[in-house]
Each structure stands twice: as structure tokens, then as C-alpha cells.
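Have a look at the structure below, then the notes.
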Amino acid sequence: MKPFETYDSYAFAQEFAPISDLSKFVRVGGVGEARAKRAAEQVTQALEFMHKEDLVHRDVCIDNIFVFNREVTRFKLGDFGSTQRVGAFVKNQNVQSPWAPPEVSLTVYNEGYHVHTAQDAWQLGILIYVCLTGSYPWSSADITDQHYNSWVAWLKRKTAKLPPHFKCFTPRLLRLLRRLLQPKPDKRSGVREVYKYLSDPWLIKGAEDFGISSDSSSSESLSQESLVTRIEKKLAKLLHP
């Protein structure tokens, strides 16, 4: 990423992502376990680097993860418009979001909260869930959301009943999600926690019964690749008429 400054603006030139962003590939059923692990690992590496510099991304989501090959296995984290220093005080502008951690969701609109790396860890947990299922675990991490309340009740061992939409996950993945999707930010694990679980299976056998996709290429991915091919041909004509 290279900065450019003009008389009235300051801009960054970033690497071109020819395959679009991850949202174009995530459909009902997810992107498959292997791709989900690759995305989680590479995004974790990016976040780990940022956190060492005391920076918090604050907007980790499938729209901001860019795909760099047709196999959908090489990813980069982008869009740093919401990035802030650790400890910065910011106003809450987007309360109702499935990506927002509870400490953000519970902040009244236009009131403030302090930025910390645990917010990225929470969004990383949501990213893993979305990549595996193609859906969100809840609409908002708020007590008014039934699905979120079910998760918190199980997390706090108030019930032994696992929320139905988590039943396709292995005990090891559930252990990871317990740490990343921990409501209390001071008890939430850092993003490095992901590395401990990459060699473990994340989906149970028979996950297809839950509507979860296998790791084989989906029709959406193939159609996206053909679209990319057409774009590349148009670019080639523009560059070499």
C-alpha cells in the first residue's frame, strides 16, 4: 500500500484484487471447511500484524476480505477506513450489525466506547461462522435477539442445549468460538487463538444434513471465475489495444 498526497487530498494505492471480495463467494452453505480455514488463517495473520502496531481494524467482514486467486484460497484484509488506535474513543454509528460485538451493540447510538483488539477477535469469530454456514448466527449481539441469547445461555452453562445452528460444528471448533465469541471483552481470546485449531476438523460428519457445503467448487465460484476471465480479457484489450 503506497500513499499519495495532492494539494487537497491524501490517498492510498492498494493492490488490485482481480477476483472481487469474499462476499461474492459466500452463499447458503458457506465456502467449505478448507477455504474457511484458509480465510481465517490469513485474516488472523493480518490482524496479528495490526495488533502488534496497536491498531484495530474494527470492520472485519466478508466485504472487506479480498480474493486473489480463482481457487478462492488466497485472501487479504482491506478497507482500513474504520481503523483506530487501541484505546481511542469513538462514537457508535452502526449499532444493529451481526458483526458488532456486544460492547458495541449495547452502546447507545452516537455515544462512545473505547477501541480494543478484542473487537477484531469477535468479528473473526463471526467470520468463521459465516464462511462455514453462509449465514449469520444472530442479527445483533443484544439481549433482544433470541439466537444470541441462546448462545450466551449455552456459553454460561445455564443450559446444556446447544443452539441448533451450532450443531454442525465439532467440539474443537465450538471451543474456539467460545473464546472468540465471549461476550465479555476482557475474557475474550486474542486472534492468535485461531492457530491452535487449524489442524482440527471444524465440521462434523454429515454436516451436509445441516445444509453445509462441501469443499468442492460451487457453481457460484465457477460462474464468478468466468466473470473474472471476461474482466481480464477486457483489461487486456484496454492495456494492449
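Can you find a residue that is among the charged types (D, E, K, R), over 22 Å from TRP202 (Cα atoms) and part of a loop (DSSP other than H, G, I, E, B) anywhere in the range 159-180?
no
Quick test of your reading of the structure: ASP21 fulfils all but one of (1) loosely packed, with under 14 Cβ neighbours inside 10 Å; (2) in contact with an Asp or Glu (Cβ under 6 Å, 6 or more places away or on another chain). Name the failing condition by number.
(1)
Among the residues of the range 69-87, which ones are surrounded by 16 or more Cβ atoms within 10 Å (Cβ to Cβ) and farther than 22 Å from GLY125 by Cβ?
Within the range 69-87, just ARG70 meets the criteria.
Considering each of SER213, SER199 in turn, give the residue that is under 20 Å from the mean Cα position of the chain (by Cα), part of a loop (DSSP other than H, G, I, E, B) and exposed (fewer than 15 other Cβ atoms within 10 Å of the Cβ).
Answer to the check: SER199.
If we keep just the residues of the range 52-67 that are under 13 Å from the mean Cα position of the chain (by Cα) and assigned to a helix (DSSP H, G or I), which is farthest from PHE80 (Cα to Cα)?
ILE62
Rundown of residues vs (1) over 25 Å from SER199 (Cα atoms); (2) not in a helix (DSSP H, G or I), yes/no style:
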site	(1), (2)
TYR7	yes, yes
GLU15	yes, yes
VAL28	no, yes
VAL31	no, yes
GLN45	no, no
MET50	no, no
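Would you be able to tell me the number of residues in the range 60-79 that are within 20 Å of VAL191 (Cα to Cα) and in contact (Cβ under 8 Å) with a residue 40 or more places away in the chain?
Total meeting the criteria: 10.
Coordinate-derived values only; no laboratory data. Bear in mind the structure is a predicted one, so any value in this text is a computation, not a measurement. Cβ coordinates were reconstructed from backbone atoms using ideal geometry, including for glycine residues, and neighbour counts include every protein chain displayed.
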